[in-house]
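The values are calculated or read from the model by the stated rules, or taken from the named source; none is laboratory data. Note that the structure is a prediction, hence the values are computed from the model and not measured. When we count neighbours, we look across all protein chains shown, and the Cβ atoms used for this are built from the backbone with ideal geometry, even at glycine. All accessible areas refer to the heavy atoms of the entire protein, side chains included, with ligands and DNA or RNA removed. Shrake-Rupley method; radii C 1.70, N 1.55, O 1.52, S 1.80 Å.
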Amino acid sequence: MSKYTFITGHNWKSNRLGGFHKFAEAACKAGHEVVFFSFPRPYYSYFMKQELYNYKSIKELSKGIEYEIAGQKLTNVTFPTFKLPNAANKILTNKMMNALERASFLSFKRFAKKWFTGTEVFVFESCDGMLYLDALRKLFPGAKMIYRPSDPMMFDGALSRYVENETRMVLGANLNILVNNDGLELYRRKIPDFDSKAKYVLLSNGVDIDSYTKTYDCPELLKKQNTILYVGAWEVEWELLFKAAAESPDFNYIVVLPNFPSAEIQKRAEETPNLFYVPGISPSQVPAWITNCSVVMVPYVTDFYKNRPLGITAKYYQAMAAHKPIVAYCDTPKLAEAGAVVTYSYDDFISAVKEAVKEGKKDYIFDLADRDWNKICQQFLAHCSNA
């Protein structure tokens, strides 16, 4: 069997219900050894207290944490570096920023030889780990380099460094596994002669359909009436939610977000009786929250969708599998084709939520059968093997 190394922004213990966690788990089930390389973890993040960035976690990952998944070994490691916050790019060149992000007190060559030796397939997520493409190709010339960007980094308005780095990754990969046509069109627009220079296939995100058709104990917060729920990692349009909460006192707006909004936003949320901010839940809890709410909302920041080619993401598949009404704000118009409601003004969003609460259980015309994670993972491994 082969050895796969996944280069990702996540830690294994985050136990996300999709993406690289699913692919790595599938690789283990197929009998492959797996390394989960969590990068970047800069030295300055030793002083942070977030899930991914804190001293204890980074020190443990630097030594390597072993797990047994489906009878196979999965090792989660990291490599701390002198990466600086993006604000430093205002005074430092792209080349200097990249160099600092690769630089460490430790030798990357020794690190790679220790943890990655035997790797036949390196799979890169859309994260700064792509900076190691050239080094890994030199150290492991026979290994395949696969790029699977769920969130392209060269979106309109992105730092030029991200555009340069991702272009090098896309053109240097043995295969790019793109999640939707939105991403494909972005690369065609940003990279001259993309179709002739890059090798790619399309493979959607997936969903654990069974998890969203079961019955769970209702989380305490969702026992309130008319619960309008967002669970996600992208920032939301808080002013929209404050307005919606004020105009719909019988509705309870709940935002589950692992990122920390400003102190001012948190204070206003605390002072709003029917608006609730929850600083994240474990991935294993997500099905219970989705299946027990009244409406799933996705209130992205105004015009967010215009430069973020995310397409129809997994959070929508989850709501569809649970037969929950969906109301989105400032996301792709393609949602309407799938049966979800997508709005582009505050008033339309508020009105749509009211209608969705009346509607209750909803059946979608979107076919989720081909989005089942088991099928997606099988296809993913096949693409990696055939690259």
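Numerical summary
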quantity: Total formal charge among the other residues, if their Cβ is under 9 angstrom from that of residue 42, Lys/Arg +1 and Asp/Glu -1; calculated: +1
quantity: Estimated FRET transfer efficiency when R0 is 51 angstrom, pair residue 361-residue 107 (beta carbons, to 0.05); calculated: 0.35
quantity: Where only C-alpha atoms are counted, convex hull volume of segment 134-178 per residue in Å³; calculated: 68
quantity: Stokes-Einstein D (µm²/s) once Rh is taken as the Kirkwood radius of the chain over alpha-carbon pairs, at 10 °C in 1.306 mPa s; calculated: 72
quantity: Cα→Cβ-extended label distance, 7 Å offset, between residue 344 and residue 301, nm; calculated: 2.0
quantity: Debye log10 I(q)/I(0) for segment 285-387, one point scatterer per Cα, at q = 0.16, 0.18 Å⁻¹; calculated: -0.74, -0.89
quantity: Residue 135 paired with residue 48, simple spin-label distance in nm, labels 7 Å along Cα-to-beta-carbon; calculated: 1.9
quantity: D_trans [Stokes-Einstein, Kirkwood Rh over alpha-carbon pairs] for segment 200-307, 4 °C, 1.567 mPa s, µm² s⁻¹; calculated: 86
quantity: Top positive-direction residue, dipole computed over segment 166-228 with Cβ charges, set 203, 172, 225; calculated: 172
quantity: Centroid-to-centroid separation of segment 171-228 and segment 332-363 [C-alpha atoms, Å]; calculated: 20
quantity: Cut-off 14 Å between beta-carbons: net charge of the residues surrounding residue 290, Lys and Arg +1, Asp and Glu -1; calculated: +2
quantity: Segment 210-234 residues near the modelled residue 250 label - backbone nitrogen below 16 Å, point 7 Å along Cα→Cβ; calculated: 224-228
quantity: Relative contact order (%) - criterion: Cα under 8 Å, at least six apart; region: the chain; calculated: 14
quantity: Calculated FRET value between residue 239 and residue 387, using beta carbons and R₀ = 56 Å, to 0.05; calculated: 0.80
quantity: Given charges at beta-carbon only (K, R positive; D, E negative), |dipole| of the chain in Debye; calculated: 1740
quantity: With eigenvalues of the C-alpha gyration tensor scaled by 5 and rooted, segment 137-277, Å; calculated: 41, 20, 14
quantity: Counted charge near residue 234, where neighbours are those whose Cβ lies closer than 11 Å (Asp, Glu -1; Lys, Arg +1); calculated: -2
quantity: Derived scalar couplings ³J(HN,Hα) [segment 97-104; Karplus, 6.51 cos²θ - 1.76 cosθ + 1.60; whole Hz; x for Gly, Pro]; calculated: 4, 5, 5, 5, 5, 8, 6, 8
quantity: Carbon + sulfur, % of accessible area of segment 1-81 - ligands and nucleic acids excluded, 1.4 Å; calculated: 49
quantity: Positive-end extreme of charge dipole, segment 285-387 - chosen from 336, 325, 387 (charges on Cβ); calculated: 387
quantity: Cα-centred dipole magnitude for segment 1-150, charges only on beta-carbon of K, R (+1) and D, E (-1), debye, nearest 20; calculated: 320
quantity: Sparse-neighbourhood loop sites, GluC sites (Glu not before Pro) in segment 200-307 - DSSP loop, at most 15 other Cβ within 10 angstrom; calculated: 235
quantity: Per principal axis, descending, Cα span of segment 33-114 in whole Å; calculated: 49, 29, 19
quantity: Rounded Å value of the spacing that divides the Cα centres of segment 34-91 and segment 94-153; calculated: 14
quantity: Cβ crowding within 10 Å averaged over residues, with 306-318, 68-80 ranked highest first; calculated: 306-318, 68-80
